[in-house]
């Protein structure tokens, strides 16, 4: 392997992707920084990026920061709402996904292939189509309301689709739970049945078995699944837009999305995005590192 | 999906529920409860989508009251059907076009990078790999805004529209072929290549004639995954679209779902669903044929491990 042509082969194969990532991942984020730490044209309300980091100005970050924690903190409710929605939705996803993944890994028997295929199905059904499905069902005259009112007998008209937080959280659970299921299934599937058998033989009750064997061993899967859905959910704006379209259920993603659409606020959108990414940076790096390590180990 | 983890199944059967001493509740009873939960979950997950598909065949305009079967919203409605509504037609063709182009760029880039990563040590490839992997958890809106700003404030040779969308999608999807091919390369190991080299193959020859053919299932699986995932993409394609001509089906659903749409919207969503399913089924058939011919018991559930 000593000749130079061989030594050069591997970098040559890899360089196109390295350049691609440099150009279309690193550069875009640098531009976001330059726009957020730039200024705004006072007449045209268009952002003026500042390319030299030494000249960066922090006026737009200051604006966003004041809206978050300052006296005029109208961003704060959406931020707190996002945290509540994400915590509730992720917990519910865990509660749903754990028994389902456990059943599939251990008890599905000859239906295992079928159950797995059905669990994977929502992956290739578009997210928007799945939200459309619920919009159809939850319309004022939709199927859900006609079932609840027994076909119009009970005078109960629930408005699901404008500003109903339960609908939005349900939508988040519905949308993200498949992404939780796969890593959980993978980690539960790796637990050897003989290990459970041994615990049983040593006198573990069903609850002991769950608490002292299954739960610790599925820990990495639980953490991976949680991060895999919680982090993207932090930037979600379309679930709330589709199922509510009301500022009463706006999440951080909606704030960013709305700022982008408002003239002169691009820099503020960028600044808010940077703040969000700063908070998410540690868990993102943590997930990616453990993912890369697991890959090498397997 | 029947080839999934056959050895594990055998192990389960050998030690399966029923033969262990009864301690607290029979395992059979617990599996029954878990089975019910699983069944209810699957119904909840899939029935709403099935209803959406069903109502794409509704005779009337309603998306909640069944008025008889018809293909009206696919074919013969003069203005609203998929065939006769130019906006829907454009959305469908553009979505498939994006999926084809993005897959054709993402998979070769990812495969070559995975090959390089096997031998090329150092900070540059490790850093690039790290960034590619971070796309699994980064909120998509972050990359979308980054690319939007880049196209808007830098003099890029491409503007918003198809190429910006393709670039965003490729960047976001690169992790799939990289992760899947690396996993496959690890199972292949180095000895085939070493043998080829001992027999006089050049480094490039060994990659081309030994490694690439053995990578085939990984290439196939990542192509199918990337294709299906791009069909569903929403955030990137919306931020990077230019006008109505670069609208995709997911954008169309987002824009019209709340504004009294007709079942034609359901019909459009159903068509994308069918395209996606067809690609997956064809991919799976090819995969099965390949693994039978190779006599290999390759395990799809390793996919679950990569996420």
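The values are calculated or read from the model by the stated rules, or taken from the named source; none is laboratory data. Small disclaimer: the values here were computed from a predicted structure and weren't measured. Note that each Cβ is placed from the backbone with ideal geometry, even for glycine, and that neighbours are counted across all protein chains shown.
Residues that are assigned to a helix (DSSP H, G or I), farther than 30 Å from residue B:242 by Cα and out of contact with any helix residue (DSSP H, G or I) (no Cβ under 6 Å at 6 or more places or on another chain) within the stretch B:42-98 comprise B:43, B:44, B:46, B:47, B:50, B:51, B:54, listed in sequence order. Taking the stretch B:183-232 as the range and being crowded, with 19+ Cβ neighbours inside 10 Å and outside any helix (DSSP H, G or I) as the test, only B:215 passes. Please indicate, with yes or no, whether at least one residue in the stretch A:142-165 is within 9 Å of chain B (Cβ to nearest Cβ), free of Cβ contacts under 8 Å to residues at least 40 places away in the same chain and not in a helix (DSSP H, G or I). So far as the stretch A:142-165 goes, yes, one or more of its residues are within 9 Å of chain B (Cβ to nearest Cβ), free of Cβ contacts under 8 Å to residues at least 40 places away in the same chain and not in a helix (DSSP H, G or I).
The residue of the stretch A:85-103 that is modelled with the highest pLDDT, among those that are at the interface with chain B (Cβ under 7 Å from one of its Cβ atoms) and buried (at least 22 other Cβ atoms within 10 Å of the Cβ), is A:100.
On the given criteria, is residue B:288 free of Cβ contacts under 8 Å to residues at least 60 places away in the same chain and either within 16 Å of the chain's Cα centre (by Cα) or more than 9 Å from chain A (Cβ to nearest Cβ) (or both)? Let's see the steps before the verdict.
Details: free of Cβ contacts under 8 Å to residues at least 60 places away in the same chain: no; either within 16 Å of the chain's Cα centre (by Cα) or more than 9 Å from chain A (Cβ to nearest Cβ) (or both): yes.
Taking the combined requirement at face value, the residue does not satisfy it.
In the set A:235, A:221, only one residue is buried (at least 23 other Cβ atoms within 10 Å of the Cβ), closer than 16 Å to residue A:103 by Cα, out of contact with any strand residue (DSSP E or B) (no Cβ under 7 Å at 6 or more places or on another chain) and assigned by TED's automatic domain parsing to the domain that holds residue A:83; that residue is A:221. Residue count for the stretch B:250-284 satisfying the condition of being more than 9 Å from chain A (Cβ to nearest Cβ), crowded, with 19+ Cβ neighbours inside 10 Å and part of a loop (DSSP other than H, G, I, E, B): 1.
Within the stretch A:132-141, the residues that satisfy the criterion of being in a helix (DSSP H, G or I) and either on the phi > 0 side of the Ramachandran plot or at the interface with chain B (Cβ under 7 Å from one of its Cβ atoms) (or both) are A:132, A:133, A:134, A:135, A:136, A:137.
Scanning the stretch A:40-85 for residues that are in contact with a helix residue (DSSP H, G or I) (Cβ under 7 Å, 6 or more places away or on another chain) and within 19 Å of residue B:152 (Cα to Cα) yields A:40, A:47, A:49, A:50, A:51, A:60.
Need a quick list: helices (runs of 4 or more DSSP H) entirely within the stretch B:105-182 having at least 3 residues that are surrounded by 19 or more Cβ atoms within 10 Å (Cβ to Cβ) and more than 8 Å from chain A (Cβ to nearest Cβ).
In the stretch B:105-182, B:162-173 are the helices (runs of 4 or more DSSP H) which contain 3 or more residues that are surrounded by 19 or more Cβ atoms within 10 Å (Cβ to Cβ) and more than 8 Å from chain A (Cβ to nearest Cβ).
For (1) closer than 30 Å to residue B:114 by Cβ; (2) loosely packed, with under 13 Cβ neighbours inside 10 Å, each residue gets a yes or a no:
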| position | (1), (2) |
| --- | --- |
| A:17 | yes, no |
| A:26 | yes, no |
| A:45 | no, yes |
| A:53 | no, yes |
| A:60 | no, no |
| A:71 | no, yes |
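For (1) within 14 Å of chain A (Cβ to nearest Cβ); (2) at pLDDT 90 or above; (3) within 30 Å of residue A:181 (Cβ to Cβ), each residue gets a yes or a no:
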residue	(1), (2), (3)
B:36	yes, no, yes
B:42	yes, yes, yes
B:50	yes, yes, yes
B:58	yes, no, no
B:63	yes, no, yes
B:87	no, no, no
B:98	yes, yes, yes
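Among the residues making up the stretch B:239-249, those that are part of a helix (DSSP H, G or I) and buried (at least 20 other Cβ atoms within 10 Å of the Cβ) are B:239, B:246, B:249.
Comparison of A:273, A:243, A:255 shows that the only residue that is in the same structural domain as residue A:80 (by TED's automatic domain parsing), under 22 Å from residue A:38 (Cβ atoms), touching a residue at least 12 places away in the same chain (Cβ under 8 Å) and surrounded by 15 or more Cβ atoms within 10 Å (Cβ to Cβ) is A:255.
Having 3 or more residues that are in the same structural domain as residue A:225 (by TED's automatic domain parsing) and over 30 Å from residue B:254 (Cα atoms) is the bar; report the helices (runs of 4 or more DSSP H) wholly within the stretch A:37-131 that clear it. It comes to A:76-106, A:112-124.
Taking each residue of the stretch A:114-129 that is within 7 Å of another protein chain (Cβ to nearest Cβ) and looking for partners that are outside any helix (DSSP H, G or I) with beta-carbon atoms closer than 7 Å, six or more apart or interchain, yields A:115/A:108; A:116/B:1; A:116/B:4; A:117/B:1; A:127/B:234; A:128/B:234.
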